[in-house]
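Working notes for the structure below.
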Amino acid sequence: MRPKVILNLLFFLFCCTAVQAQTGRQITGKVIDAMGELPGVSVVIKGTTNGTTTDLNGEFKLDNVKNGDVLQFSFIGYKTENVKVGNQSKFDITMTENTQTLEEVTVVAVGYGDVRRRDLTGSIGSANMGDLTKTPVSNITESLGGRIAGVQVSSGDGGPGDNFNIVIRGAGSLTQSTAPLYVIDGFPQETSNMGSLNPNDIESIDVLKDASATAIYGSRGANGVVIITTKKGKAGRLTVNYTGNMTINTRPNYGMFNYMNSKERVQFSQDVYNAGVYYKEEPITQPYTYEGAMKMYLAGDLSYDEFMKRKTFLSTVNTDWFDLLFQNSFSHKHSLSLSGGSEKIQNRTSLGYTDETGEANGNKVTLLTAISNTTVNLMNNKLIVNLLLKGTWRKVKGFAYDVDPFSYAYNTSRVIPMYNEDGSLYYHEKWADESSTVINNKTSYLYNIQNELDNTGSENNTKTWGTTLDVKWNILPGLDYQGLVSYSSSSADVKKYATERSFYIASLRGYDYGAYESSAPEFAYTRLPFGGLLETGLTDVSTITVRNALIYDRMFKEIHRLTLQLGIETNSTKTRGTTGKRYGYLKDRGETFIKLPLTYSDLAWEGDLLDNDLAQGEATVLNKIDNKLSEYVSVVYTYDGRYVLNASARLDASNRFG
């Protein structure tokens, strides 16, 4: 029995040794590159599924490693390293960048996923975000001008808060609009909210420019597509980044333009009159211009001495409109972001504040932004969930009712003063758009640009918030599912006013402010005897988008690559709002209103009583829902990495079509 026991014991020890050899041992190591620790590197035993990734310090542990196994270290943009396991238990690996690989994996966002740049057949332009963020502007759209071929950016007066328009390929829409479609973090929208984005939060801006590139968006992409992707967190230590800048812009001046001074302007007017040149518009009879004073002299309203005295005065005024209406503006921007996380969870949170004062007095924009982007990697990175939360508040103060300081300073003669000698405002006559109902043949009223700035204005308050849940699931090798659920809400509160002292209201009233007492008979002929105008608008827009897609991407025989994408998308937008336009507005009396007469006498109709259309004002209510259902397919075939065939199709259904 004793030999049998010994044999059994030896057999048991042999089996234990065999199991030990089969299961292997634990190894450890650290991966670095030229800059230091490299987190997120894939460490796999070649030919098996046994693997791990490096932690925040670039370190890793891997069990069940046997002598003779080959460790494969891989990371996007770096050369793959293969190391054979010997008797050592600790490995220190240094990885080097692979510039060729970087070029091959460069991807471009096309809204419905990312595409390798070398597989693109359409015309797509990408902005260099490093250059864009160096430009001190509150609206990133302003920086795009001249940065991407075929993309034009225009604006109104270019002041803070001004809306910038992007034109990619010119007019090509059935709606006669040249505005492109905007896709922000996979969420398509037909209006641009780029002015509410913090430039430091943007990872990339790609522009789809031709029919091939935009085909997957159907008719909505007829004018091109602007795709914006915001930054996400990265695995690594917590990183706190602050970016701030202060900008001082000098006001415009006459040295920038080849403009005449007062003496030259009067001499020019005299030469024009002596030459008998025809005026496109008949000069107004008034003492504030050479032409007007000449008409008064010819009509006998001024003596020769009075005319010459007036000419001398006009020659020496030299009003500096740019100095009076503009300032050296000061603006400052601040952005604070926190980014970091583990291999499982990464987050980037950012806060931004912008205070931009325009060169024109009275123009200002204030912007607050907040964004949080969280990515969760599950099932060994086979399931990636991204949650985006964002909100903005934007306030813009500007001008209204054709008050444009730059246009006025640029086009107005310097012989017209801003103030009288006693410091009071100096008014000149200006043509109006409609004739007076009070005074026959009156079509001009007193005008002073500073008075208009004091008695007209606009204010726009916009609030937005939204959330997007994005899911990417690697179901099988080469087969991925992509799902997106997005909700956004925005509200705009707009206010625009003109008081009874303004030129705009004078043209509606039919005479200048203070020209008549309230007991005067002329009050019966005006539609607006008291007060001004207040226009308001309040709009709320909420949108829900749900998208589901399957993507099949496989390589065959190392030279054939097929990428197939099938998707369905639903979109519902609810718009509610009201607009109001009410006359009789008393801004200086607690923003109240005075009741207007229901009828007035019109001189043009020999004093007949007419209904006063201004007494009722205007009001509109907006309440609509737009629903869309879309199905799309995209196929990309690549042969040997050199020849690409791309085809896309889309089917849209909408309640807009009836």
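The values are calculated or read from the model by the stated rules, or taken from the named source; none is laboratory data. None of the values given here were measured: they were computed from a predicted structure. We place every Cβ from the backbone using ideal geometry, glycine too, and count neighbours over all the protein chains shown. Heavy atoms of the whole protein, side chains included, go into the accessibility calculation; ligands, DNA and RNA do not. Shrake-Rupley method; radii C 1.70, N 1.55, O 1.52, S 1.80 Å.
Overview of results
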read-out: Enumerated strands (runs of 3 or more DSSP E) restricted to region 186-288, each holding at least 1 residues that are of a type in the set (Phe, Trp, Tyr); value: 187-189, 236-249
read-out: Enumeration of residues in region 392-407 that are open to solvent by less than 20 Å² (accessible area, probe 1.4 Å) and aliphatic (A, V, I, L, M); value: Ala400, Val403
read-out: Matching residues, region 58-67, being open to solvent by 70 Å² or more (accessible area, probe 1.4 Å) and assigned to a strand (DSSP E or B); value: Glu59, Lys61, Asp63, Asn64
read-out: Set Tyr297, Tyr304: member being under 30 Å from Ser444 (Cα atoms) and surrounded by 18 or more Cβ atoms within 10 Å (Cβ to Cβ); value: Tyr297
read-out: Some residue of region 616-638 being closer than 30 Å to Gly531 by Cα, assigned to a helix (DSSP H, G or I) and touching a helix residue (DSSP H, G or I) at 6+ places or on another chain (Cβ under 9 Å); value: no
read-out: Among (1) open to solvent by 30 Å² or more (accessible area, probe 1.4 Å); (2) in contact (Cβ under 8 Å) with a residue 60 or more places away in the chain - the single one Asn612 does not satisfy; value: (1)
read-out: Residues of region 584-601 satisfying the condition of being open to solvent by less than 80 Å² (accessible area, probe 1.4 Å) and in contact with a helix residue (DSSP H, G or I) (Cβ under 7 Å, 6 or more places away or on another chain); value: Leu596, Pro597, Tyr600, Ser601
read-out: All strands (runs of 3 or more DSSP E) inside region 374-487 with 2 or more residues being over 20 Å from Thr289 (Cβ atoms); value: 383-398, 456-476
read-out: Only listed residue being modelled with pLDDT of 80 or more, open to solvent by 50 Å² or more (accessible area, probe 1.4 Å) and of a type in the set (Val, Ile, Thr), chosen from Val226, Val240, Val207; value: Val240
read-out: Scan of region 322-358 for residues that are open to solvent by 20 Å² or more (accessible area, probe 1.4 Å), within 30 Å of Asp454 (Cβ to Cβ) and either hydrophobic (A, V, I, L, M, F, W, C) or in contact with a Gly (Cβ under 6 Å, 6 or more places away or on another chain) (or both), ordered by number; value: Leu324, Phe330
read-out: Strands (runs of 3 or more DSSP E) wholly inside region 68-132 that include at least 1 residues being out of contact with any Leu (no Cβ under 7 Å at 6 or more places or on another chain) and modelled with pLDDT of 70 or more; value: 70-74, 81-84, 90-94, 124-126
read-out: Evaluation of Leu389 against (1) open to solvent by 50 Å² or more (accessible area, probe 1.4 Å); (2) more than 22 Å from the chain's Cα centre (by Cα); (3) touching a residue at least 60 places away in the same chain (Cβ under 8 Å) (one fails), failing number; value: (2)
read-out: Restricting region 541-573 to residues that are surrounded by 15 or more Cβ atoms within 10 Å (Cβ to Cβ) and acidic (Asp, Glu), the residue that is farthest from Ser654 (Cα to Cα); value: Asp553
read-out: Pair list, Cβ under 7 Å, 6 or more apart: region 81-94 residue acidic (Asp, Glu), other residue open to solvent by less than 70 Å² (accessible area, probe 1.4 Å); value: Glu81/Phe73; Glu81/Ile93; Glu81/Met95; Asp92/Gly29; Asp92/Lys30
read-out: Region 529-540, residues that are in contact with a Phe, Trp or Tyr (Cβ under 6 Å, 6 or more places away or on another chain) and either at negative phi or surrounded by fewer than 20 Cβ atoms within 10 Å (Cβ to Cβ) (or both); value: Pro529, Gly532, Leu533, Leu534
read-out: Boolean, Leu645 is open to solvent by 70 Å² or more (accessible area, probe 1.4 Å), in a strand (DSSP E or B) and either without any contact (Cβ under 8 Å) to a residue 12 or more places away in the chain or within 16 Å of Arg554 (Cα to Cα) (or both); value: yes
read-out: Which numbered condition Gly617 fails, given (1) touching a Lys or Arg at 6+ places or on another chain (Cβ under 8 Å); (2) open to solvent by 80 Å² or more (accessible area, probe 1.4 Å); value: (2)
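Rundown of residues vs (1) among the small types (Gly, Ala, Ser); (2) modelled with pLDDT of 80 or more; (3) open to solvent by less than 40 Å² (accessible area, probe 1.4 Å), yes/no style:
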| site | (1), (2), (3) |
| --- | --- |
| Asn245 | no, yes, no |
| Asn249 | no, yes, no |
| Tyr254 | no, yes, yes |
| Ser262 | yes, yes, yes |
| Gln267 | no, yes, no |
| Tyr273 | no, yes, no |
| Tyr278 | no, no, no |
| Pro283 | no, no, yes |
| Gln286 | no, no, yes |
